[in-house]
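The values are calculated or read from the model by the stated rules, or taken from the named source; none is laboratory data. Computed from a predicted model, the values in this text were never measured in an experiment. Cβ sites come from the backbone with ideal geometry, for glycine too, and all protein chains shown count toward neighbours.
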Protein chains: 2
Amino acid sequence: MCSVIQIFEFMTLLDGLTTAQTIKKRIQTEVAERVSVGKRPPHLAAVLVGDNGASQTYVTAKVKACEEVGFKSTLIQREAEITEQELLKIVHDLNENPEIDGYIVQLPLPKHINELHILLAIDPSKDVDGFHPENVGKMALNLPGFLPATPYGIITLLKEYGIETEGKHCVVLGRSSIVGLPVSILLQRNTYPGNCTVTIAHSKTKNLKSVLQSADIIIAAIGKPAFVTADMVKEGVVVVDVGITRVPDDSRKSGFRISGDVDFQGVSVKSSFITPVPGGVGPMTIASLLLNTLQAAK
Amino acid sequence: MCSVIQIFEFMTLLDGLTTAQTIKKRIQTEVAERVSVGKRPPHLAAVLVGDNGASQTYVTAKVKACEEVGFKSTLIQREAEITEQELLKIVHDLNENPEIDGYIVQLPLPKHINELHILLAIDPSKDVDGFHPENVGKMALNLPGFLPATPYGIITLLKEYGIETEGKHCVVLGRSSIVGLPVSILLQRNTYPGNCTVTIAHSKTKNLKSVLQSADIIIAAIGKPAFVTADMVKEGVVVVDVGITRVPDDSRKSGFRISGDVDFQGVSVKSSFITPVPGGVGPMTIASLLLNTLQAAK
C-alpha cells in the first residue's frame, strides 16, 4: 500500500494517449481550416506487406488516426510473396503521385526483400517516417526535414509536460537507428527539448547499473521486457519507456500482453515522471506521423 | 624531471604525422597500381574563397598531400567578393565534370554567402568532406558513404594504434556538426573502433569535471586552448585533442602558435595515449580526405 501512496504523491504519468489526443485535435483544426479555404486534406499512404500481426495492428491504428484528424489515407496491402521489384514499383508510383503527400512502408518486410533498397527508393520529401538517410542527416545537422516518428514523439511528450532538459544527464538505453540513436542526437541539440548531456548505452556497456543510476532522464529502448528495475534508477528520475514487447499471457484473450522495457510498478515509485506502456510513447509515435504528414502537405 | 620520466614510461604518443604518412604510402601504392593498368589517377578539386590565412594553410596542405600520393588536384581560388550565384555555378560545374572524383569547398565562406546553400548543392557522391546531410545520415545508419574527414581520421588513428574501445566510456567534448556529433555517432557503433558507451558533453553540461574524470577515452573538440587540465582526467586515459586554435605568441615569427584543447604537459603525464597538437588529428584529417577521394574514384 505504501508504494501506491508514494506513486500518487510524487509521480506524474507522462500520458501519451491524452497528449496525442490534444495534438490530433490541433491537427484536426488545421486540416479543417485548410479544407475551408479550398485546399485538399493531407493524404497519407501506408504500404503493408504480409500478415505480421503487430504490423497489421500498427497500420490499422495509423489509418484510423488519419480518419480522426480529417486526413485522406490509402492502405496498400500486398501478400508476403510480392517481389522486391514489385514493391519498388509501388514505391516509385507513390513518389510520382502528386495526390500523396507522404507515405510509410511498414517494417519488417519479408526476408526476401532488402529493406535498405526500399528505404533508399523512398523520396525523402515524402518520407514521413523520417528513416531515409537524408532526413536522418538533416536531423543530425539541425536542418529542416522529417524527424523519425518515435524520437519526435518522445521529445514532443517531454515538451508538452514542460520537463526540464537543459544540463540534465540523459541516458539512452539502446542504439537502434530508429529510436536510440536519433533520440540521443535530438536530446543533445542546442534547443528545447535538448541541451542534455547524453550518454548512449547498449549491450556492450559496462557497469550499466551505475550508468543508469547517474541519469536524470532515462529513455529505454532495447526491447527487453521489464529490464530496468527500481534499484537501477535514482529518486526523481524521468523515465520514457519505448519498449513494446508482446509477452505470452494466458490470462488475456489475445494470449499476450504488451510489456515495456521498464518494470513500471517498481520504477514508478522513484520517478518524478514516467510513461506507461501501453499509452505512453506508442500514441505519440502516431501523432508524430500525422505531424510529419501535415508538414509534407504544406 | 620526474614528470618527463613518467611520460616516457607510461605514455604513448598517438603520432598522427607518422600514421598519416603510412596511410599516404598505402594510397600512393594503390594509385600507382591503378595508373599502371591504364586508369587515370584520382582527382580532387578544392575551392578556396577569400584570403583567410588558416583556410589558405589548410587548402595548401591538402593540395600538397594530393601531389604526394599521385592524385591530380585542382585549386579553384576566388576573391571574397564572389556572389553566391557564382559560387553555386562552380559547384554545379564540379558536380557535372566527370574528370573530378571529389571536391571540397573550404569553410568558412564570406558572410554574404549561405554556407548551407552551397553544402546542399554539392553532389553527395563527390562530397569527400562528408558534410552533406545524405552522407551524415548514412554514417548514422551505418551505410556506405563518405565519413566526415576529421572523425574518420580520429577513428583511424585509434585503429592504427590498436586502442581498445569496446565497453570503454568515451566522453566527447563538443557537439559541432563536423567533429563532436559525428565522432560520438561513430564511436557508439557496433564495430571496431566503436562499441563505446559514449557521452556527449558541451557548454550546457553540469559537473563537467566529474564527467571527464569518468572517461576512459576523451575526444576534445571545443576550440578552447588548454581547456582540459590534468585534474580533470583519470590515470591511463586515452586523449584525442582536436583543437587547433591560433594563440598569439610574440616569440614566434608568425606571431602565433597552435594550441590544442588539452593542456598537453599536464594531461600527458596521466595518459596512456595522447595526440600532440600539431601533429595529431590534423594530418589524419588530410589522410582521411585522401582516402575518401580514392573511394570516390573507385
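Couple of notes before you dig in:
- At least 1 residues being touching a Leu at 6+ places or on another chain (Cβ under 8 Å) is the threshold, and among the helices (runs of 4 or more DSSP H) wholly inside the range A:1-116 those reaching it are A:16-36, A:53-69, A:84-96.
- Criterion violated by residue B:109 - all others in (1) more than 14 Å from chain A (Cβ to nearest Cβ); (2) touching a His at 6+ places or on another chain (Cβ under 9 Å) satisfied: (2)
- Scanning the range B:191-222 for residues that are touching a residue at least 40 places away in the same chain (Cβ under 8 Å) and facing another protein chain (nearest Cβ under 9 Å) returns B:211, B:214.
- Considering only residues in the range B:106-124 that are in contact (Cβ under 8 Å) with a residue 40 or more places away in the chain and under 19 Å from the mean Cα position of the chain (by Cα), the one that is surrounded by the fewest Cβ atoms within 10 Å (Cβ to Cβ) turns out to be B:108.
- Some residue of the range A:77-89 being away from chain B (no Cβ under 14 Å), surrounded by 15 or more Cβ atoms within 10 Å (Cβ to Cβ) and touching a residue at least 40 places away in the same chain (Cβ under 8 Å): yes
- Scope the range B:216-254; condition at pLDDT below 95, basic (Lys, Arg) and in contact with a Gly (Cβ under 9 Å, 6 or more places away or on another chain); matching residues: B:246
- Hits in the range B:152-177 - residues which are assigned to a helix (DSSP H, G or I) and either at the interface with chain A (Cβ under 8 Å from one of its Cβ atoms) or of a type in the set (Phe, Trp, Tyr) (or both): B:152
- Residue within the range B:227-236 that is within 14 Å of another protein chain (Cβ to nearest Cβ) and out of contact with any Phe, Trp or Tyr (no Cβ under 9 Å at 6 or more places or on another chain) present: no
- Residue match in the range A:174-183 (condition: in contact (Cβ under 8 Å) with a residue 60 or more places away in the chain, in contact with a strand residue (DSSP E or B) (Cβ under 6 Å, 6 or more places away or on another chain) and within 17 Å of residue A:14 (Cβ to Cβ)): no
- Residue under evaluation residue A:139, criteria (1) closer than 19 Å to residue A:284 by Cβ; (2) within 9 Å of chain B (Cβ to nearest Cβ); (3) touching a Phe, Trp or Tyr at 6+ places or on another chain (Cβ under 7 Å), criterion not met: (3)
- Every residue from the range B:117-129 that is outside any loop (DSSP other than H, G, I, E, B) and not acidic (Asp, Glu): B:117, B:118, B:119, B:120, B:121, B:124, B:125, B:126
- Residue A:115 vs. criteria acidic (Asp, Glu) and assigned by TED's automatic domain parsing to the domain that holds residue A:42: yes
- Lone unmet requirement of (1) more than 11 Å from chain B (Cβ to nearest Cβ); (2) over 18 Å from residue A:242 (Cβ atoms); (3) among the charged types (D, E, K, R) for residue A:134: (1)
- Residue within the range A:130-137 that is in a helix (DSSP H, G or I) and of a type in the set (A, V, I, L, M) present: yes
- Within the range B:212-249, the set of residues being within 23 Å of residue A:189 (Cα to Cα) and crowded, with 22+ Cβ neighbours inside 10 Å comprises B:212, B:215, B:217, B:218, B:219, B:220, B:221, B:228, B:240, B:241, B:242, B:243.
- Residue A:33 vs. criteria in contact with a strand residue (DSSP E or B) (Cβ under 8 Å, 6 or more places away or on another chain) and either surrounded by 17 or more Cβ atoms within 10 Å (Cβ to Cβ) or farther than 22 Å from residue A:148 by Cα (or both): no
- Qualifying residue in the range B:178-185 (condition: at pLDDT below 95 and facing another protein chain (nearest Cβ under 10 Å)): yes
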